[in-house]
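Notes follow once the structure below has been shown.
The values are calculated or read from the model by the stated rules, or taken from the named source; none is laboratory data. In this text the structure is predicted, and so the values were computed from the model without any measurement. All Cβ positions, glycine included, derive from the backbone under ideal geometry; neighbour counts span all protein chains shown.
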Amino acid sequence: MNIADRIKRLRELFGITANDLAKITGIHPVSIRKYETNKMVPGIDVIDKMCDALKLPRMIFEGFPKQHTNYQFTGDFYQQLFLLLDNQTLLPNKEGEYNFATGDTDKFFSVNPLLAKYIKIKHGDQEIPLDELSIEINTEEYDSLEKYDWFIMYLCCLEKAQNAQAAEKWEDENETREEYIARMMENAERHRFDLMLADHSWKQYMEGWVSPEVANNAISQEIANGGNYYTYVEKLNAPESEKAKLIHAYEEAYISEMIQLEEYPGDKGRTEKDAWIEKKMMLIEQFKKDHPDYPELAMQHAIDNAQKARM
């Protein structure tokens, strides 16, 4: 079904005319007829207007959205969590609110009790009432869910915007109510967008630096074929920023070799380790000042090492 078929079928199921639909949605009846006959395609703003007026999801008009869900990516879990919260399948903060004073994060959700009309939850023969069901987000076993604090901040931003909207008075002299609400909603949207991309990166689409073992094998092969570390990096199917990081890492390693700093005090305490790191950073910066041509020196170092390896 295209969007024209969907609008026409919606009217048939509702038992209303094009004029009736125009009155409900605030869209001109001529436009409704053009949409239904596919002479004109409604834009996103028109679709949103129909969705808001009819309290219907976009998929009624646009069809089911493409969903590439792979739960090995934390972001894909967050995508589904946001959907479940947006459509109120899950309700947040069953066990309490976020405590800004202590930093405690709430990890519990309840299931919308209205779903009891359609589904039952059972454990063996025992039925668990939906209003007694508690869903806890596992933030302890999986390191990737360390970003869950940002999800809590997302919820807090939404709550702050709602509280500001409902407040009888607004006493902040530095920011209007509208500005505050807009800022909170912008923060929430940014948190949500970032979370939905958690674990996703260019590495899904480009070869890049797969692992130290794979990289070392590839570097050895490049050297055997007459190249060096720099030619290996140049041939990588990776973003230019990633290539720059790899070159920078080599330059730092080269300078560290030149300054001949004593071995890292791995068996010492935190104070000694911090002092060693600080000294290393200071010596590296001094080397760069004394040798402004260090990028060329590092590259020549890579070429020389590759030649030695081929002997």
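For segment 62-73, the condition of being in a helix (DSSP H, G or I) and either at pLDDT 95 or above or not charged (D, E, K, R) (or both) holds for none of the residues. Does Tyr229 fit the bill of being modelled with pLDDT of 90 or more and surrounded by 14 or more Cβ atoms within 10 Å (Cβ to Cβ)? Criteria met by Tyr229.
Among the residues of segment 280-311, those that are farther than 30 Å from Gln221 by Cβ, charged (D, E, K, R) and either touching a helix residue (DSSP H, G or I) at 6+ places or on another chain (Cβ under 9 Å) or surrounded by 10 or more Cβ atoms within 10 Å (Cβ to Cβ) (or both) comprise Lys280, Glu285, Lys288.
Say whether the condition of being of a type outside the set (A, V, I, L, M, F, W, C), loosely packed, with under 12 Cβ neighbours inside 10 Å and either closer than 29 Å to Phe73 by Cα or modelled with pLDDT of 85 or more (or both) is met by at least one residue in segment 100-109. Yes: segment 100-109 contains one or more residues that are of a type outside the set (A, V, I, L, M, F, W, C), loosely packed, with under 12 Cβ neighbours inside 10 Å and either closer than 29 Å to Phe73 by Cα or modelled with pLDDT of 85 or more (or both). For Thr271, the conditions (1) under 19 Å from Ile223 (Cα atoms); (2) modelled with pLDDT under 85; (3) of a type in the set (S, T, N, Q) are fulfilled apart from (1). Criterion applied to Ile44, Ile32, Ile3, Ile24 was being closer than 30 Å to Pro113 by Cβ and of a type in the set (Val, Ile, Thr), and the one residue passing it is Ile24. Of the residues making up segment 253-279, those that are surrounded by 16 or more Cβ atoms within 10 Å (Cβ to Cβ) and closer than 26 Å to Ser211 by Cα are Tyr254, Ile255. Just one residue in the set Asp45, Asp52 is assigned to a helix (DSSP H, G or I) and farther than 21 Å from Thr17 by Cβ; that residue is Asp45.
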